[in-house]
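Some notes on the structure that comes next.
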Amino acid sequence: MQKIRHTPVAPTRTQRLASGGEIDAHRHDDHQIAYASRGTIAVTTDAGSWVAPATRALWIPAGTVHHHQAHGELDLHLVGLPADENPLGLDKPAVLAVSPLLRELIVTYTRDPDNDGPPHRRLRAVLLDQLTVSPERPLHLPAPTDPLLRELHDVLRADPSDNRSLDDLGRQIGASARTLSRRLHADLGLTYPQWRTQIRLHHALILLAENTPVTTVAHRCGWSSASTFIEVFRRTFGHTPGRRPAT
């Protein structure tokens, strides 16, 4: 059984992780915000996976067992908040939009975590204010609990470019398309196309963080063309995959 570290206080700090680097499974008694100003951060819990590029941050509620992984060279900024301080009112992990202002607040605040002077406290207050108006983004890849869906999930994660129909995939794992569709709706509240798109977008973020060309990403993730992928990405993230946030 994997040992889970218990670190009561969620740290506030900036740290660098090499591509592929990890922070093993652990939990805090505090809430935590994880933001990557460079690279892409993935957080995995029992409930699923969340992936956030530099336009997004991750909210990790107190008590949540989570594991970090870096995709691309990562500048990771962590902000710990006491359990009784929840500006978002969220009790589950979430992905939040990061405005240019919120980005600068997080980066500046985590550069000097031990500073408790009045200017730093005012900076923290503005940061919390900005969090309250940061919209939640649907970038969660839920982990299915149904055994058949877990098997299907493994197939799709292994090869996101697999364009077989649900009927064909069902024959491979021994279930009808109707059964799989019904279980998807009951377990995850998603249709098969919605779920497959989420899996592909998560994989696309990882490939982009590794500087894979956009056309190659589109092909590896199963889109019929680069332009189709770019449009889906733009609708989801608010910018095209070739544009990187300013540093």
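The values are calculated or read from the model by the stated rules, or taken from the named source; none is laboratory data. What you are looking at is a predicted structure, and each value in this text was computed from that prediction instead of being measured. Backbone-built Cβ (ideal geometry, glycine too); neighbour counts: all protein chains shown. Surface accessibility is based on the protein's heavy atoms, side chains included, excluding ligands, DNA and RNA. Shrake-Rupley method; radii C 1.70, N 1.55, O 1.52, S 1.80 Å.
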Return a whole-number percent for the relative contact order of the chain, with Cα pairs under 8 Å and 6 or more residues apart as the contact set.
17
Compute the length gained on full extension between Arg111 and Arg234: take 0.36 nm times their separation in residues and subtract their Cα-Cα distance, giving the result in nm to one decimal.
41.2 nm
Probe 1.4 Å, heavy atoms of protein chains only: per residue, the accessible area of the range 108-219 in Å² is 55
Can you find, among Ile106, Ala52, Leu88, the residue farthest towards the positive end of the dipole of the chain? Put +1 on the C-beta of Lys and Arg, -1 on that of Asp and Glu.
Ala52
Restricting things to Cα coordinates, could you compute the convex hull volume per residue of the range 142-216 in Å³?
84
Folded to 0 to 90 degrees: helix 192-209 orientation relative to the chain principal axis, Cα:
50
Rg [Å, one decimal], Dmax [Å, integer] - the range 76-160, C-alpha atoms:
17.7, 55
Quick calc, the range 54-141, dipole around Cα centre from Cβ unit charges on Lys, Arg (+) and Asp, Glu (-), nearest 20 debye, gives 200
Ignoring ligands, DNA and RNA, what percent of the accessible area of the chain is carbon or sulfur (1.4 Å)?
50
Using the Cα atoms of the chain to build a convex hull, what is its mean projected area in square nanometres?
13.7
In whole Å, largest first, the alpha carbons of the range 2-116 cover along the principal axes 34, 32, 25
How would you rank 199-210, 99-110, highest first, on the average number of other Cβ atoms within 10 Å across their residues?
199-210, 99-110
Using a 7 Å offset from Cα along Cα-Cβ at Asn211, what residues in the range 71-89 end up with backbone N under 19 Å from the label point?
71-76
